[in-house]
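Notes for the one structure printed next.
Every number in this text was worked out from the coordinates using simple rules, so none of it is lab data. Bear in mind that the values here come from a model prediction, so they are computed numbers and not experimental data. Virtual Cβ from ideal backbone geometry, glycine too; neighbours counted across all protein chains shown.
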Amino acid sequence: MNRFLHDLWRNRELLQLLVARNIKIRYKSSILGFVWTLLNPILFIGIYAMFLGLLKVAIALPLLVSGVIVWSFLDMCLGDSLYAVIGNTNLIKKTSFSRPTLPVAMVLSNLVNFVLSLIILGCYLIFARVSPQHLWLLPVFVLSQTALCLGLALIISAMNVYFRDTEHILAVVKLAWFFMTPIIYPISFVFDQVSPTLQKAAFLNPMTGLVTAYRWVLMSEDIIAPQLVTMSHAICWGVLAVGILIFQRAERGFADEL
């Protein structure tokens, strides 16, 4: 961990350049620019709201909106992590280049998009007359989600160098993960339908705790199981630690594989 942080600090100027580059590439030749970052979640929100209405699943629209926007940060990081390393072969083959900088820069550029999305979400919640609570804790939850995204990005970017089937496996995992997370349904639905053992298992999914925490801060939704939410946040940081270890071991063979 110390070596990882030291490398990032030593290459902080390069990291800033890569973050700026990633943001520019995302919106290059785009007329709507940042609007596209919000357009996909908005379209999904409309689709889910329509079908949930047909299926008579009761969830307030602000809960659905917040859940989809929180998920979109993870979704973008997972998708972009596939090419964080293999998309920069010319940099990887330079012996003096700090390779962890690539997935870190990718996550930070998506973090910029996510923060801007949270601002738009805040405007929507004001319009919907939803009152926030303990808003000062919001940066803590954003930091935990960033740790989760970075840990997974390090793992996936390294895996995709050695196993090119990672992209196809990830697509299936993301779909299953989405429906296992209380985004299109309230967390109370989980507690009403499953046993206490499965309730605890639900929070082994770190996104369950994160979505619950965001909704608590932004919409004053009660936290049913604070201890389980805390466990989810601890898992986020555990994933980051594992991701750093895996990436540091795997990066030794990147140049040969690419």
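Just a few scattered comments:
- Annotation: peptides 245-252, 61-68, ranked by per-residue average of other Cβ atoms within 10 Å with the highest first, follow the order 61-68, 245-252.
- With Cα atoms, 0 to 90° folded angle of helix 35-55 axis to the chain main axis: 40
- By the Cβ distance rule of under 4.7 Å, the chain has these cysteines without a partner: CYS123, CYS236.
- Report summary: the helix-based calculation at 222 nm, which adds -39500 (n - 2.57) for every DSSP H run with n ≥ 4 and divides by the residues of the chain, gives -24500 deg cm²/dmol.
- Computed Rg/Rh of the stretch 88-199, alpha carbon atoms with Kirkwood Rh: 1.06
- Using C-alpha pairs under 8 Å with a sequence gap of at least 6, the mean separation divided by the residue count of the stretch 53-195 gives a relative contact order of 44 percent.
- Cα gyration tensor shape for the stretch 137-202, rounded if a/c is under 1.5, else prolate or oblate: oblate
- Spatially, the stretch 76-145 and the stretch 162-239 are offset by 18 Å when compared through their Cα centroids.
- For the chain, with +1 on Lys and Arg beta carbons and -1 on Asp and Glu, the positive-most of LEU148, LEU111, VAL68 along the dipole: LEU111
- Principal axes of the stretch 132-258: Cα extent on each, largest first, Å: 52, 32, 22
- Histogram of C-alpha separations across the stretch 2-257, 5 Å bin width, %: 1, 6, 12, 17, 18, 16, 13, 9, 5, 2, 1, 0
- Cα centre as origin, Lys/Arg/Asp/Glu Cβ charges: the stretch 2-257 dipole, Debye: 540
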